[in-house]
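Nothing in this text is a laboratory measurement; each read-out follows from the coordinates by a stated rule. The shown structure was predicted, so the numbers you read here are calculated from the model rather than taken from an experiment. Neighbour counts run over all protein chains shown; Cβ positions are idealised from the backbone, glycine included.
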Amino acid sequence: MIIGILNQKGGVGKTTLSVNLAGALARRGAKVLLIDADPQGSALDWSAARAGDSLFSVLALPRPVLHKEMARIGKDYDHVLIDGPPRVSDLARSAIMASDRVVIPIQPSPYDVWSAGEIVKLVDEAKVFHELQKTVFVVNRKIANTAIGRDVREALAAYPFPVLTESVTQRVIFAEAAATGQAIWEIDREGRATQEIEGVLTELMEG
């Protein structure tokens, strides 16, 4: 399966979600490739910070040819994840067209909900070329025990894509893991953050 994680708005935790979903798939025994399609190269930086063996392969490809080259690039992997660029562009379109699943991480704030219209429009346009593609929102970087964390689901109901039941809470462990190029399960195998990522992944794979 090819999973694209995209949102044109920065600061939504796109790379954190990408590396940890890839890490969760690797934990399940899958051979995984993470494509860093963000010109900022954050996923590549995460990989460079890691000591020891890699959990999965990371490839930088911030060029608008992903949908044309995916068959060749991904042929030796069970799953491919794409950490998309932080703005609407030809590169984002290519990443969307390459994906079987599109995941739109949304931080629970009115600004993020309002700005989601751009990426929704882009995904709708790409569906002309990929009719079987499925798209979901995931509430990411949620602040625990806040009303807006709960209300964001209602706000997203105005868009044509479902919101995953599981959400990911903002926790210090994500930054700690990123600093050393680790997936969160390597730091706390049974912690709540690991459980949330596993829950998101399970929903994605079942959808």
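Counting only pairs 8 or more residues apart or on different chains, how many lysine pairs in the range 2-206 have their Cα atoms under 16 Å apart?
Numbers: Lys9/Lys121; Lys9/Lys142; Lys14/Lys142; Lys31/Lys75; Lys68/Lys127; Lys121/Lys134.
Count of close lysine pairs: 6.
In sequence order, the range 41-50 has phi-based couplings of x, 5, 5, 5, 4, 4, 5, 5, 7, 7 Hz under the Karplus curve 6.51 cos²θ - 1.76 cosθ + 1.60, θ = phi - 60°, and Gly or Pro positions carry x. Spherically averaged projected area of the convex hull of Cα atoms, the range 2-206: 10.4 nm². Checking every one of the GluC sites (Glu not before Pro) in the range 98-134 against DSSP loop status and a limit of 15 other Cβ atoms within 10 Å picks out Glu131. What is the local net charge at Leu6, summed over the other residues whose Cβ is closer than 9 Å to its Cβ (Lys, Arg +1; Asp, Glu -1)? For residues surrounding Leu6, the net value is 0.
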